[in-house]
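Data block below; observations after.
Taken together, the values in this text are just the output of simple stated rules run on the coordinates, not laboratory data. No experiment lies behind these values; they were computed from the predicted model shown. All Cβ positions, even for glycine, are placed from backbone atoms using ideal geometry, and neighbour counts span all protein chains on display.
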Amino acid sequence: MPRSAQEWVRMSLRTPGIFIFGMVMAPCGWILDLTATVAPNWRTLHSVPNSPSDQIIEQGIWDICKSFTTSSSRQCNQQDTTYFNEQIIDIAQGLMVASLVVTLLGLAVAIPGVRCWRDRPNWTVAGLGGLLIFCSGVMTIIPIAWYTHILTNVKTVTPLIDVRVGYCIVLGYIGGIFEVLGGFVMFIGICRCCGGKNRGEVRIEEVTSRQPKPAPRRVVVPSLDRARSSVSSSVPYSKDSLDDDVSFPRAKSPAARSTNTSFNGRPYDADL
């Protein structure tokens, strides 16, 4: 048995909390990143000149849509070569797709290491999976932060318009942070720190010292208060002692019948 298994022991067979946290945050972040990648709403253009006042142009990294506030109509596949020729668009497309793929790889690597039906999880494999998830979150935050920084500087056909942040930016930030936190928390399980608390382990010496010593067994001996008969008998109590123990009045025994069979009295008519 290796030395580490002799010195450290897990107090529970449940999945460690750091793995539960990472395996919940990573899929949630992946779904948010997927929405931010495919939805055409990284920024919105309002008050476009020579256009209806209720018109809104939604620009993403793959498509541009035109919608109206007064109706539910929506027109996508709008052409804007000036916008798609920007450097940030190509970088955002590559990094967002790579982030989605790396997150799936990280989950595929982490799942075999997080298996809770084993006595000891595979900390190395699960930690590498957490590292991949962490990197995928970073790859999401980089294009989101860059696009937000140059939000008003990205060229459009009409420069004098009202530019606002789209919901994809918000979802991308939240998803990237989820993946960064989940991957980092899973990765810290690759090494034992904080006295083994991150792995839910304690030293065997501490476990043995915490165990209380068993209390001595108490034997109750019944007390014999009843008087024993002086005559040895197989019956545990004598007849006299049983009579003394009765706490209720006994019924009087009937008088003994006479055994004299002779009769000298005068007979009566009823006797004849």
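Hey, quick one: spin label on residue 108, modelled 7 Å out along Cα-Cβ, who in the range 139-154 has an amide N within reach, i.e. under 20 Å?
In the range 139-154, the label zone of residue 108 (backbone N under 20 Å from the point 7 Å along Cα→Cβ) covers 139-140.
Could you please rank 31, 169, placing first whichever residue has the fewest other Cβ atoms within 10 Å of its Cβ?
31, 169
Once phi is turned into θ = phi - 60°, what whole-Hz ³J(HN,Hα) does the Karplus curve with 6.51, -1.76 and 1.60 give for every residue of the range 91-97, x standing for Gly and Pro?
Values per residue, Gly and Pro as x: 5, 5, 4, x, 6, 5, 5 Hz.
Over the range 15-207, what is the relative contact order in whole percent, taking alpha-carbon pairs under 8 Å and six or more residues apart?
The normalised contact order for the range 15-207 reaches 32 percent.
Search the structure for amide H atoms under 5 Å from the amide H of residue 43, placed 1.01 Å from N in the peptide plane, and list their residues when 5 or more places away or on another chain.
59, 166
For residue 80 and residue 46 in one chain, what is 0.36 nm times their gap in residues minus the Cα-Cα distance, to one decimal in nm?
Gain on stretching residue 80 to residue 46: 10.6 nm.
Could I have the simple spin-label model distance between residue 34 and residue 62, label points 7 Å from Cα toward Cβ, reported in nm to one decimal?
Between residue 34 and residue 62, the label points sit 1.1 nm apart.
Order of 36-46, 179-189, 94-104 by packing, highest average Cβ count within 10 Å first?
179-189, 36-46, 94-104
What is the diffusion coefficient of the range 15-207 in µm²/s, taking the Kirkwood radius over Cα pairs and the Stokes-Einstein relation at 25 °C with a viscosity of 0.890 mPa s?
133
With charges only on Cβ, +1 for K and R and -1 for D and E, what is the dipole size of the range 15-207 about its Cα centre, in debye, rounded to 20?
440
With r as the distance between the Cβ atoms of residue 122 and residue 150 and R0 = 35 Å, compute the FRET efficiency 1/(1 + (r/R0)^6) and round to 0.05.
After rounding to 0.05, the efficiency reads 0.20.
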